[in-house]
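I have placed the structure first, in the form of structure tokens, so that the comments after it can refer back to it.
The values are calculated or read from the model by the stated rules, or taken from the named source; none is laboratory data. This one's a predicted model, so the numbers in the text were calculated from it and none came from an experiment. Using ideal geometry, Cβ is built from the backbone for each residue, glycine included, and neighbour counts are taken over all protein chains shown.
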Amino acid sequence: MMNEFVQSIMTRTPVTINDRATLKDVKDIFDQNRIHHLPVINDEGDLLGLITTYDLWKVNRNFDEYAHIPVTEVMNRKFAKVAADDKVGTAAELFLDRRFHALPVVENTKLVGIVTSFDVLRYEFRKEYEKPILYQDVLSNG
């Protein structure tokens, strides 16, 4: 079950933010998209960092200051990532071992997708239960 490729469960067009953005832009994207992880890319699509809702919480600044704080000051530059042809089991192991909740999927330096711990959970759930009883709308939209 965990031997399929990450590309089979990843989000291929993840929401991203440009490295020239501010924390206000980040907060707006988090609020509008109901996501918790945001890859930071440059104009060429190179993955430069990752910012999370937890990172915003750690900043501990007033929201009115967010417009003056560059995303590059807060983003994580050291994080795990996977390739599209890595196995789902590899992603699951990273989630379990390193306590990450999202892994950018890269080809060379380019962002090609993102996979989250929720994606792995949904993938395994669907293998076991083809027709879920509860939360059908949530699972069928993923």
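Please verify whether P39 is under 20 Å from P104 (Cβ atoms), modelled with pLDDT of 95 or more, touching a Ser or Thr at 6+ places or on another chain (Cβ under 6 Å) and outside any helix (DSSP H, G or I), treating the condition exactly as stated. Let's see the steps before the verdict.
Numbers: under 20 Å from P104 (Cβ atoms): yes; modelled with pLDDT of 95 or more: yes; touching a Ser or Thr at 6+ places or on another chain (Cβ under 6 Å): yes; outside any helix (DSSP H, G or I): yes.
In short, yes.
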Might you let me know whether the stretch 99-115 holds any residue that is more than 17 Å from L38 (Cα to Cα), over 16 Å from the mean Cα position of the chain (by Cα) and assigned to a helix (DSSP H, G or I)? no
So which of F95, F63, F5 is among the aromatic types (F, W, Y) and surrounded by 19 or more Cβ atoms within 10 Å (Cβ to Cβ)? F95
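Does I51 satisfy being at pLDDT below 95, outside any helix (DSSP H, G or I) and either in contact with a Ser or Thr (Cβ under 9 Å, 6 or more places away or on another chain) or not acidic (D, E) (or both)? Outline the logic, then answer.
Working: at pLDDT below 95: no; outside any helix (DSSP H, G or I): yes; either in contact with a Ser or Thr (Cβ under 9 Å, 6 or more places away or on another chain) or not acidic (D, E) (or both): yes.
Against the criterion (at pLDDT below 95, outside any helix (DSSP H, G or I) and either in contact with a Ser or Thr (Cβ under 9 Å, 6 or more places away or on another chain) or not acidic (D, E) (or both)), I51 does not qualify.
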Considering only the stretch 15-36, how many residues are in a helix (DSSP H, G or I) and either in contact with a Lys or Arg (Cβ under 7 Å, 6 or more places away or on another chain) or not acidic (D, E) (or both)? 8
Hey, among the residues in the stretch 98-116 that are surrounded by fewer than 18 Cβ atoms within 10 Å (Cβ to Cβ) and among the polar types (S, T, N, Q), which one's farthest from L50 (Cα to Cα)? N108
Please state which one of A102, A92, A83 is small (G, A, S) and modelled with pLDDT under 95. A92
Can you tell me which residue in the stretch 54-98 is farthest from the chain's Cα centre (by Cα), limited to those that are under 25 Å from A21 (Cα atoms) and of a type in the set (F, W, Y)? F63
